[in-house]
Amino acid sequence: QVQLVEYGGGLVQPGGSLRLSCAASGSMFSINTMGWYRQAPGKQRELVATITGTGFKNYDDSVKGRFTISAENAKNTVYLQMNSLRPEDTAVYYCNYRDSLRDAWGQGTQVTVSS
């Protein structure tokens, strides 16, 4: 079992910044991918960014240049630094862990971008 807990959501004005954290616990494989997804009201869950155990990063085009994903392997924690936030970034953000056997999700954290 892998457990994920997200931190750092909240309300921010357009143009502002937030940093999300995802702490993972449990038995994890070294070959894995962790990432962030988001779901806005009335929309499907979508990829934001992922990072592999070897550090390869992938971003959705809508966040390239504004969001940065990083990992602190010693703490089993993944971060999402979000800059230049826009109202359309408003969503529940979910942390995800995936390996050859498992696909785990956190409970989600709300990010609201509004003036």
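The values are calculated or read from the model by the stated rules, or taken from the named source; none is laboratory data. Quantities reported herein were computed from a predicted structural model and do not represent experimental measurements. We place every Cβ from the backbone using ideal geometry, glycine too, and count neighbours over all the protein chains shown. Accessible surface areas use protein heavy atoms only, side chains included; no ligands, DNA or RNA. Shrake-Rupley method; radii C 1.70, N 1.55, O 1.52, S 1.80 Å.
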Check your understanding: Out of (1) in contact (Cβ under 8 Å) with a residue 40 or more places away in the chain; (2) over 30 Å from S115 (Cα atoms); (3) outside any loop (DSSP other than H, G, I, E, B), what's the single condition that is false for Q81?
Key -> (2)
Point to revise | Evaluation of E88 against (1) in contact with a Ser or Thr (Cβ under 9 Å, 6 or more places away or on another chain); (2) exposed (fewer than 15 other Cβ atoms within 10 Å of the Cβ); (3) in a loop (DSSP other than H, G, I, E, B) (one fails), failing number | key: (3)
Point to revise | Subset tally (residues that are assigned to a loop (DSSP other than H, G, I, E, B), open to solvent by less than 80 Å² (accessible area, probe 1.4 Å), of a type in the set (S, T, N, Q) and modelled with pLDDT under 95) for region 9-46 | key: 2
Practice item. State which residue pairs qualify: first residue within 15 Å of Y93 (Cα to Cα) and inside region 13-30, second residue aliphatic (A, V, I, L, M) and open to solvent by 50 Å² or more (accessible area, probe 1.4 Å) in any location, beta carbons under 8 Å apart, and separation of 6 or more residues or different chains. Key: C22/V5; A23/V5
Check your understanding: touching a residue at least 60 places away in the same chain (Cβ under 8 Å), open to solvent by 40 Å² or more (accessible area, probe 1.4 Å), outside any strand (DSSP E or B) and among the β-branched types (V, I, T) - does that describe any residue in region 47-67?
Key -> no
